[in-house]
1. Among THR75, THR160, which comes first, then next, by fewest other beta-carbon atoms within 10 Å?
2. Let me check I have the definition right: for the range 1-86, take the eigenvalues of the Cα gyration tensor, multiply each by 5, take square roots. What are those semi-axes in whole Å, largest first?
3. Among the chymotrypsin sites (Phe, Trp or Tyr not before Pro) in the range 1-71, which ones are in a DSSP loop with at most 16 other Cβ atoms within 10 Å of the Cβ? Mind listing them?
4. Rg over Rh of the chain, using C-alpha atoms and the Kirkwood radius, what does it come to?
5. Out of ASP194, ASP164, ASP98, any idea which swings most in a Gaussian network model of the chain, alpha carbons joined below 10 Å?
6. More than 19 angstrom separation, counting every C-alpha pair in the range 98-175; what % is that?
7. Looking at the chain, identify the longest residue range that excludes and avoids all GluC sites (Glu not before Pro) in DSSP loops having at most 13 other Cβ atoms within 10 Å.
8. How much space per residue, in cubic angstrom, does the convex hull of the C-alpha atoms of the range 101-231 take up?
Amino acid sequence: MNRKRILIVEDELSIAELERDYLELSDFEVEIETSGASGLERAMKEEFDLFILDLMLPEIDGFEICKKIRGVKNTPILMVSAKKDDIDKIRGLGLGADDYVTKPFSPSELVARVKAHLTRYERLIGSGMPENEVIEIRGLKIDKTARRVYVNGEEKNFTTKEFDLLTFLASNPNRVFTKEELFSRIWDMESIGDIATVTVHIKKIREKIEFNTAKPQYIETIWGVGYRFKV
Ligand code: CA
């Protein structure tokens, strides 16, 4: 059986080493990064089975790393913080961490939680659940199954119609659709209503996914015709 790999991102090396020592005793392979930037880089590039992220890190904090990881991976994440209040706050934000641990904690407690989350995650993967249907184009990720949209790893909130419209266009790239076509497909009412609704929704979608709405890189306007999703 392969040893499970864990990445600890923690700026206090003594804490990280303590965590590592205990985890290694339980036969985990442990890597440590002491800065948010290097931790994020490795988290994105390498395969790990679990992440332990300290919340308070200089420059890129645990928050940011958690959000970025969640944009692309379902790997279990344990967030560690020294302050009780922060834990309550981040729980409320629903960043997608699987567990929150307050410092100081007992190392054996941490190991127990790590094991529990790895077991739970393996069950989830092994349960034959089909993978989510995902469209990824450059920095844009549309999870059709979960109905969630991420731009460069950051989740954006979409209304139902905005999501349907974006997903329809992205699922049919390089084709021009007229506003009338889009309206009848997404709003499901034959030519009743206002096709200006389409324009309004395209504008809102662009504000969420485009770096520069004046020069859209995803949804192009084809003047006099309609819209086209560019891949
Ligand atoms: Ca810290």
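1. With the sparsest Cβ surroundings first, the list reads THR160, THR75.
2. 19, 16, 11
3. In loop regions of the range 1-71 (DSSP not H, G, I, E or B), there are no sparsely surrounded chymotrypsin sites (Phe, Trp or Tyr not before Pro).
4. Answer for the chain: 1.08.
5. ASP194
6. 57 percent
7. Counting only loop sites that pass the neighbour cut-off, the longest clear stretch is 60-130.
8. 149 Å³
Each reported figure results from applying straightforward, stated rules to the coordinates on display, with no laboratory input. Computed from a predicted model, the values in this text were never measured in an experiment. Counting neighbours? That spans all protein chains shown, and the Cβs are built from the backbone with ideal geometry, glycine included.
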